[in-house]
1. What percent does the relative contact order of segment 319-403 come to when contacts are Cα pairs within less than 8 Å and at least six residues apart?
2. Probe radius 1.4 Å, ligands and nucleic acids ignored: give me the carbon and sulfur share of the accessible area of the chain as a rounded percent.
3. DSSP loop GluC sites (Glu not before Pro) in segment 157-201 with at most 11 other Cβ atoms within 10 Å of their Cβ, which ones?
4. What three numbers, in Å, describe the spread of the alpha carbons of segment 135-179 along their principal axes, ordered from the longest?
5. Would you give the gap between the C-alpha center of segment 419-481 and the C-alpha center of segment 313-366, rounded to a whole Å?
6. Shape verdict for segment 380-481, please, from the Cα gyration tensor: rounded (a/c under 1.5), prolate (a/b greater than b/c) or oblate.
7. Could you do me a favour and compute the accessible area per residue for segment 307-381, 1.4 Å probe, result in Å²?
8. Checking the a/c ratio against 1.5 first, then a/b against b/c, what shape does the Cα gyration tensor give for segment 426-481?
Amino acid sequence: MEEKEKLEKSNGEILKEKLFYKAKQGYEVLDGEKIKKAYDFCEGYKKYLDNGKTEREAANEAVKILEENGFKPYEFGKKYNPGDGVYINNSGKYILAARIGEKTVDNGVNIIAAHIDSPRIDLKQRPLYEDNGFAFFKTHYYGGIKKYQWMTIPLALHGVIIKSNGESVNIKIGEEETDPVFCITDLLPHLAKDQYAKNLADAFNGEGLNILVGSRQFTDNSSEKNKEKTEKISERIKLNILNIINEKYGITESDFISAELSLVPAAKAKDVGFDRSMIGSYGQDDRVCAYPPVMALVECKNLNKTSAVILADKEEIGSEGNTSMQSHIFRHFIESMADSQNVCKSKTFMNSKCLSADVNAAFDPNYAEVYETRNAAFINNGVVITKYTGSRGKSGSSDASAEFVNYVRKIFDDNNILWQTSELGKVDQGGGGTVAAYIANLNINVVDLGVGILSMHAPFEIASKIDIYMMYEASKAFIKS
Ligand code: MN
Ligand code: MN
């Protein structure tokens, strides 16, 4: 009697199961095989993170993957056949890859748009100076950083210098085991009384993020006379640094003016936790949403509809400029495709669909007060559908239609994708935006989809391996839809 009662559910229990929505937890619903696939997928992802710390490097790495899989540079005006893979490399910082489908593009293009720039510390155009026994670089930070997180950690210098003769010099210092690194110093606690009294926003100022790059004077020991004469020269530490750089790269101080050099965390992507269930790394916003769709696109060989993956630059500073999502290159590509197939451009945009692939803030129990847990993303609960972003009354958001959210969730349910819904923190606590609005303005249905992460914009961001893999599976399902 007792046993039977346990097995038979009450009407209330049955109704609750039927009517309530309950988010699914990855480790409770996925089988061991899928979890292993997720962990294996993340090995490639970690390499992508380590090899692509700037937008240029991340674009390069994507091109490598695309070319290894037969994708060719897109030729405007050329007619392509179903199955062909093409890509546009826009100034080395923005990638648009596409696989041609069986149907003409006026039936719609399935687009996934992520960004490959991440918050970092850029050098100014006249960076090098000497001050009281040290040489430093002046900087201007890029994107929304909490400045204190970037102090007293090893930093690597990445970027490119274009010399006056047009020659391009790639720089990457601080990644090899034997490389030197750079850093920003901080005040010792013993003397930080005034610093402690300041609020967080005022305690560290942007102009104070100076990079320590040397402390040794230039010397000339070729003769006693030369030694004496050299000792009378001012700024000998700066001179020594310029001499080292000149010997190695053939550049002079003025070449910094036509350079793009950035300081990024020198650390590599790592598994996090005894159970290795998470990945910690710089730049997961938004490479965690860039690598999975690229891998999905190269693997989906026969498509009904044409599908495109965009890796845009400059999202972290407002998506302005020719390598950003607001660049017309995307429109030009779609229009060129429509022209080559003799179909209507407007119809092509109108019938296209897009996932704006960007991260969301995963619930962090250590800062529970800023989240509204019924509408927060949780680590290991799968990809996050974010219907709207924005701040203070959805301002600046592209609010996806109920119809399109349903369209996407049906694709995910039909393909066993683990997904959840979320908005970014409590109402009026802050907010943010993505590239969604710029795509929506082209009359394309778009919704934000991404991976929930902890410590967003920090030098070491955390994401779940299950969620990363689900981003890949979700991308595949959408590309095939
Ligand atoms: Mn982002
Ligand atoms: Mn961001």
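The values are calculated or read from the model by the stated rules, or taken from the named source; none is laboratory data. All of these numbers come straight from a predicted model, not from anything done at the bench. Neighbour counts run over all protein chains shown; Cβ positions are idealised from the backbone, glycine included. The accessibility values were calculated without ligands, DNA or RNA, using every heavy atom of the protein model including side chains. Shrake-Rupley method; radii C 1.70, N 1.55, O 1.52, S 1.80 Å.
1. Once divided by the residue count of segment 319-403, the mean separation gives 13 percent.
2. 50
3. Qualifying residues, ordered by number: E176, E177.
4. For segment 135-179, the Cα spread along each principal axis is 39, 27, 22 Å.
5. Cα centroid of segment 419-481 versus Cα centroid of segment 313-366: 14 Å apart.
6. Working: a/c = 1.86, a/b = 1.09, b/c = 1.72.
In terms of gyration-tensor shape, oblate.
7. For segment 307-381, the solvent-accessible area averages 40 Å² per residue.
8. Working: a/c = 2.52, a/b = 1.11, b/c = 2.26.
Oblate shape, in that a/c is at least 1.5 and b/c is the bigger or equal ratio.
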